[in-house]
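The next block holds one structure in the form of structure tokens; read it before the comments.
Derivation of every value follows stated rules applied to the coordinates shown; laboratory data play no part. Quantities reported herein were computed from a predicted structural model and do not represent experimental measurements. Cβ placement follows ideal geometry from the backbone for every residue including glycine, while neighbour counts extend to all protein chains displayed.
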Ligand SMILES: Nc1ncnc2c1ncn2[C@@H]1O[C@H](COP(=O)(O)OP(=O)(O)O)[C@@H](O)[C@H]1O
Ligand SMILES: [Mg+2]
């Protein structure tokens, strides 16, 4: 279930990200050292002004001045070179960190349960990978080395000011406290809006994605204007949040600069007074004033970078929230293994812990009193019982929304049941490792899904070890071969965008070929032939018999011709099995099945 988005503290966020910094810690330390040295060089350069004025300019020592200027030049040049290298390293480190973050995010999202995707907008998920990752990247790229340098400059300048003149420093410290106060409170306020901005960007992306996918429907129902209006609402939300975020954060700069100027003005007055009264020498005042300026530069820079920094934190928090979503849990310990039996034949079976013998893989599926609802307060399936013996054909019929697809979702453990038990070859499916459970099932879903790649690759998805020849055999069995060969590139035709360049029926044929190639003993067909014409379906049926041979098959079909031969037909209504039996038994009962059959409701 989706956890509520909690506002984490900035430090907690940085702390949680620190594991990504760790592999690069030596480079990061180097960045800190290099940019620290640049900071120190700046401080030393400013300090040199004191001897330059007091020892060379005032006494008129030209050759001394020349040497001092040379030293100054060398120092500043070193500073520039060090900054250059620290920036170069930081670019590499940032990309390495972002690479890891993106990889972990993908891995995590890929392992989230289906219930997460049911309740989350796809565009929003995309936004984590693009927009939110980008903000973190920008923040890292610019803020890290700058912060190290700023820190050294602020602390170093403060120390130097302290060394130069204690009373004046007292006032500077007050001003620094004021700056920190402004940055802290302002940052806190604007971070809230930065987070909103990221959230609304996600919503907007989701909306755009839906618009693109729904183009045909949108056009045919002339929803363009209405859609544009909805877009305007989302766009406006984003505009307001972004305006607020930047308004807050851009107030900060001028406020901090003003404090810096107040500090400077005060120092000129008080310092000037001290010099006139011989309490301070001119060189010290000049150097001190340089430090006052130098000290506000990083604070200033920081306020300019704070936008990037806060946006980065907001992006990171959204990403961390995804990491907080629980992945599909898998406590299953039973695995599929192959072993040699007494006659030295390879057999595949379930390896049950504490049991020496493998349980043979047969494809027997049983439901005991299964209750299920997608949301805990709305029951969809009620006390489902069924027993599919190996090799049997089980058909589910019932009107739309009766719960046919839902039953299929449970065998795969796409969702976990609330009560009852489902077993596979007598083993509770909760005990079986999900990967192995799913390996022992092949499936053609109601909504087929094809990946970007060639037709061969798409069929081979069902069994990665299949040869090109086996792919062709599977395609022939599922009657897909003839249309594939008619395509200009044949089996090498590239599919894009979920197979947009094929008809719905052709896509279903490929999905069936994909299931045919898998060696799993249980085959699940959810309206797999709903978009295939009757003639092709007839041809397919012959091939399918070969595919189905020796397999336990669960079939949901909207044509009765496909259902008629099933060993067992379950008639579902509102999530309950209302009738069960074979075709003739059910017709004789003159109940719901008879009604569906004679009403030709299944025979569209
Ligand atoms: N992912 C889901 N989240 C919540 N409810 C769902 C989901 N999928 C289906 N349902 C609900 O479950 C019920 C059964 O749906 P389904 O099993 O898909 O029916 P069908 O028999 O047409 O295949 C429907 O009332 C539907 O609204
Ligand atoms: Mg369905």
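A few comments on the model shown:
- With the helix formula -39500 (n - 2.57) applied to DSSP H stretches of n ≥ 4, the chain reaches a computed 222 nm mean residue ellipticity of -20500 deg cm²/dmol.
- Projected onto planes of every orientation and averaged, the convex hull of the alpha-carbon atoms in segment 357-483 covers 10.2 nm².
- Against the main long axis of the alpha-carbon atoms of the chain, helix 534-548 sits at an angle near 90°.
- Taking every alpha-carbon pair within segment 69-142, the share separated by more than 14 Å comes to 71 percent.
- Across the alpha-carbon set of segment 1-128, the Rg to Rh ratio works out to 1.30, Rh being the Kirkwood radius.
- Length released on extending from residue 359 to residue 226, taking residue separation times 0.36 nm less the Cα-Cα span: 42.0 nm
- Extents of segment 249-317, taken as max minus min of Cα coordinates on every principal axis and listed largest first, are 56, 18, 12 Å.
- At the listed q of 0.12, 0.13, 0.15, 0.20 Å⁻¹, the Debye profile of segment 205-342, built from one uniform point per Cα, gives log10 I(q)/I(0) equal to -0.81, -0.86, -0.96, -1.16.
- Viscosity 0.890 mPa s, temperature 25 °C, Stokes-Einstein D of segment 476-604 from Kirkwood C-alpha radius, µm²/s: 152
- For segment 305-381, the spread of Cα positions along each principal axis, largest first, Å: 73, 37, 20
- Relative protection proxy for 379-389, 215-225, from highest mean packing down: 379-389, 215-225 (other beta-carbon atoms within 10 angstrom).
- Mean Cβ count within 10 Å, highest first, over the residues of peptides 175-185, 125-135, 488-498: 125-135, 175-185, 488-498
- Counting Cα-Cα pairs of segment 86-196 in 5 Å increments starting at 0 gives whole-percent bin shares of 2, 9, 12, 14, 13, 13, 11, 8, 6, 4, 3, 2, 1, 0.
- Estimated inter-spin distance, residue 348 and residue 78, nm [label 7 Å along Cα→Cβ]: 6.9
- Using C-alpha pairs under 8 Å with a sequence gap of at least 6, the mean separation divided by the residue count of segment 35-100 gives a relative contact order of 48 percent.
- Counting every C-alpha pair in segment 517-591, the share spaced more than 15 angstrom apart comes to 61%.
- Projecting label points 7 angstrom from Cα along Cα→Cβ for residue 107 and residue 324 puts them 2.2 nm apart.
- Note on residue 531 and residue 189: with the Förster distance fixed at 41 Å, the Cβ-Cβ geometry gives a FRET efficiency of about 0.15.
- Contour minus Cα-Cα distance for residue 414 and residue 62 (0.36 nm per residue): 118.3 nm
- Inter-label distance, residue 590 to residue 377: 4.4 nm, where each label sits 7 Å from its Cα along the C-beta direction.
- Axis of helix 504-517 versus longest Cα principal axis of the chain: the two differ by about 80°, to the nearest ten degrees.
- In the calculated pair-distance distribution of the chain, the portion above 45 angstrom amounts to 42 percent of the Cα-Cα pairs.
- In terms of the mean number of neighbouring beta-carbon atoms within 10 Å, the peptides 412-423, 510-521 order highest first as 510-521, 412-423.
- At an R0 of 51 angstrom, the distance between the Cβ atoms of residue 250 and residue 69 translates into a FRET efficiency of 0.85.
- Projected onto planes of every orientation and averaged, the convex hull of the alpha-carbon atoms in segment 282-425 covers 19.7 nm².
- Relative contact order, percent, the chain [alpha-carbon distance under 8 Å, six or more residues apart]: 13
- Calculated on the alpha-carbon coordinates, the convex hull of segment 147-232 measures out at 109 cubic angstrom per residue.
- One chain, two ends: residue 219 and residue 174. Fully extended at 0.36 nm per residue, the span grows by 9.8 nm beyond their Cα-Cα distance.
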